[in-house]
1. State whether one or more residues within region 155-169 are among the hydroxyl-bearing types (Ser, Thr, Tyr), farther than 30 Å from residue 30 by Cβ, part of a loop (DSSP other than H, G, I, E, B) and at pLDDT 80 or above.
2. Collect the residues in region 106-147 that are over 16 Å from residue 68 (Cα atoms) and of a type in the set (A, V, I, L, M, F, W, C), keeping them in residue-number order.
3. With respect to residue 31, is the statement that it is charged (D, E, K, R), in a helix (DSSP H, G or I), at pLDDT 75 or above and within 16 Å of the chain's Cα centre (by Cα) true?
4. For region 97-123, which residues satisfy the criterion of being among the β-branched types (Val, Ile, Thr) and over 13 Å from the mean Cα position of the chain (by Cα)?
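The values are calculated or read from the model by the stated rules, or taken from the named source; none is laboratory data. Computed from a predicted model, the values in this text were never measured in an experiment. Backbone-built Cβ (ideal geometry, glycine too); neighbour counts: all protein chains shown.
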Amino acid sequence: MGLIDMNDSQKELTASLTAAISETMENMTFEEIEVLVDTKKGSSVYQESMWATLPVLRPLAGRIALEIPTSYGKCLTEALAGDSENEVCCEAIGDVLGEIINTIAGRFISRLLPPTEEFELGLPETGQGELAGADEAVTSILLSVGGHCIKTSVSGADFWDFSNSKRRN
């Protein structure tokens, strides 16, 4: 998915986000991702979902967000924590989502900036239900991971500026 009529910088932003998600999910869950172009398949993300957001503080200020079905959050938490015998609570899922969004954000920002430029991320915030402000996204990607639909988005004025003029050499 992403923006309609994307310029080269917007395509780079979306490609960098897709690569960061792919690397993260393949390394953490050992499952490949598939970009979904049919947004109707993603409607299940909003039925019972959990989300994590992470502020990007510098040099590009903005926010990276991840939404997943709660059922997939339980599967992820069981797989990553190695404990499938106990009931998974929302707090544990939130911790796992925070870890995943932090990894995605680090990989994503590293791809956008020159190798010597440092960046700073804030602390993840997690919650349940619909993610507020999702319609403000500069780019948004709907993905399938192991048959589960996830949505990742990037928002913030600096990312709009980046998508309109390349920072990198």
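1. First, the residues of region 155-169 that are among the hydroxyl-bearing types (Ser, Thr, Tyr): 155, 163, 165.
The next check asks that each one be farther than 30 Å from residue 30 by Cβ; those that pass are 163, 165.
The next check asks that each one be part of a loop (DSSP other than H, G, I, E, B); those that pass are 165.
When the remaining residues are screened for being at pLDDT 80 or above, the result is none.
No, every residue in region 155-169 fails to be among the hydroxyl-bearing types (Ser, Thr, Tyr), farther than 30 Å from residue 30 by Cβ, part of a loop (DSSP other than H, G, I, E, B) and at pLDDT 80 or above.
2. Scanning region 106-147 gives 108, 109, 112, 113, 119, 121, 123, 137, 138.
3. Details: charged (D, E, K, R): yes; in a helix (DSSP H, G or I): no; at pLDDT 75 or above: yes; within 16 Å of the chain's Cα centre (by Cα): yes.
Judged against the criteria, residue 31 is not a match.
4. Looking only at region 97-123, we keep the residues that are among the β-branched types (Val, Ile, Thr), and these are 100-101, 103-104, 109, 116.
116, the sole residue that qualifies.
Quick grid of which residues meet (1) farther than 22 Å from residue 20 by Cα; (2) modelled with pLDDT under 85; (3) not β-branched (Val, Ile, Thr):
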site	(1), (2), (3)
69	no, no, yes
77	no, no, no
80	no, yes, yes
93	no, no, no
97	no, no, yes
102	no, no, yes
109	no, no, no
112	no, no, yes
